[in-house]
Amino acid sequence: MTARPPIVSEQEWRSARDALLAKEKQLTREQDALAAERRRLPMVRVDKSYRFDGPDAPRHLPDLFEGRSQLIVYSFMWHGAHEFCSGCSMFTDNVGHLAHLHARDVSLALVSNGPLAEITPYKRRMGWTIPWYSAADGGAFNHDMGAGDGFALNVFLRDGEEVYRTYVTGGRGVERLGSTWTFLDLTPYGRQETWEDSPENWPQSRPYEWWRLHDEYDS
């Protein structure tokens, strides 16, 4: 039989569970503090004019914001139409409904170095509705943003016509992502809730009050 943890009484199990819960709560507090520090990271202006192929027309980086002030871009690894990345596909499968991110002024998009003619059929096969663009600049965007021929996740802030890069993560830093909350924790404005430790005058509202069913935000 495979080795397994010991079998104990209910009281012993509860005691062990409470001890672990204390560590879990401490980790939550540390993650909150880390997110507060992330919201105060310095930013770097993006001066290059990157071009992307979209389903309707060519796009540039400011267009990917779709009129919002914050943008998350996941560089989806691409090695051809017959060698789909299972890891990037699993990540994309776990992205929640984008309406919740949109409600906090955040857009999310995928970018790959492959041609749109190969990307679109795979997107349709997977049933994904996330905006997905082809990096029509010869891969310069993914290279400059730390993805190269692999994957990475970058966050941007837009102020008028200026775009700033605020955060990047890759490798196992991507593994824990995939919910509205973890994505918002990466953005410059965070969850925008009053309990958060954010810079002065950052947009905030009371927790829970902004939550909606994903088809009710417009109302």
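Descriptive notes on the structure:
- Meets criteria (closer than 20 Å to ARG172 by Cβ and in contact (Cβ under 8 Å) with a residue 24 or more places away in the chain) for GLN31: yes
- Every residue from segment 162-219 that is within 19 Å of MET43 (Cα to Cα), of a type in the set (Gly, Ala, Ser) and out of contact with any helix residue (DSSP H, G or I) (no Cβ under 8 Å at 6 or more places or on another chain): GLY170
- Just one of (1) part of a helix (DSSP H, G or I); (2) under 30 Å from LEU27 (Cα atoms); (3) without any contact (Cβ under 8 Å) to a residue 12 or more places away in the chain; (4) not hydroxyl-bearing (Ser, Thr, Tyr) fails for HIS143. It is (2).
- Sole residue being of a type in the set (D, E, K, R), surrounded by 12 or more Cβ atoms within 10 Å (Cβ to Cβ) and out of contact with any helix residue (DSSP H, G or I) (no Cβ under 8 Å at 6 or more places or on another chain), chosen from ARG59, ARG4: ARG59
- Yes/no for GLY54 being touching a strand residue (DSSP E or B) at 6+ places or on another chain (Cβ under 9 Å) and surrounded by 13 or more Cβ atoms within 10 Å (Cβ to Cβ): yes
- For segment 7-19, the tally of residues that are among the hydroxyl-bearing types (Ser, Thr, Tyr) and either in contact (Cβ under 8 Å) with a residue 60 or more places away in the chain or surrounded by 10 or more Cβ atoms within 10 Å (Cβ to Cβ) (or both) stands at 1.
- Number of the exception - ALA136 against (1) in contact with a helix residue (DSSP H, G or I) (Cβ under 9 Å, 6 or more places away or on another chain); (2) touching a residue at least 60 places away in the same chain (Cβ under 8 Å); (3) within 30 Å of ARG191 (Cβ to Cβ); (4) among the aliphatic types (A, V, I, L, M): (3)
- Single unsatisfied condition, ALA135 versus (1) at pLDDT 95 or above; (2) more than 19 Å from ARG45 (Cα to Cα); (3) crowded, with 21+ Cβ neighbours inside 10 Å: (1)
- Selection within segment 91-119 - of a type in the set (Gly, Ala, Ser) and either under 22 Å from TYR50 (Cβ atoms) or crowded, with 20+ Cβ neighbours inside 10 Å (or both): SER107, ALA109, SER112, GLY114, ALA117
- Test result for TRP128, over 19 Å from ARG176 (Cα atoms) and surrounded by fewer than 18 Cβ atoms within 10 Å (Cβ to Cβ): yes
- Filter result for LEU157 (among the aliphatic types (A, V, I, L, M), touching a residue at least 24 places away in the same chain (Cβ under 8 Å) and not in a strand (DSSP E or B)): no
- The residue that is farthest from GLU83 (Cα to Cα), counting only those in segment 122-132 that are within 16 Å of the chain's Cα centre (by Cα) and in contact (Cβ under 8 Å) with a residue 40 or more places away in the chain, is PRO131.
- Among residues of segment 196-208 that are under 13 Å from ALA36 (Cβ atoms) and touching a residue at least 24 places away in the same chain (Cβ under 8 Å), those with a beta-carbon under 6 Å from a residue that is of a type outside the set (D, E, K, R) and assigned to a loop (DSSP other than H, G, I, E, B) at least six positions away or on a different chain give the pairs GLU196/GLY190; SER198/GLY190; TRP202/TYR189.
- Scanning segment 159-181 for residues that are buried (at least 19 other Cβ atoms within 10 Å of the Cβ) and over 16 Å from the mean Cα position of the chain (by Cα) yields a single hit, VAL163.
The values are calculated or read from the model by the stated rules, or taken from the named source; none is laboratory data. Every value quoted in this text rests on a predicted model; they were computed, and no experiment measured them. Virtual Cβ from ideal backbone geometry, glycine too; neighbours counted across all protein chains shown.
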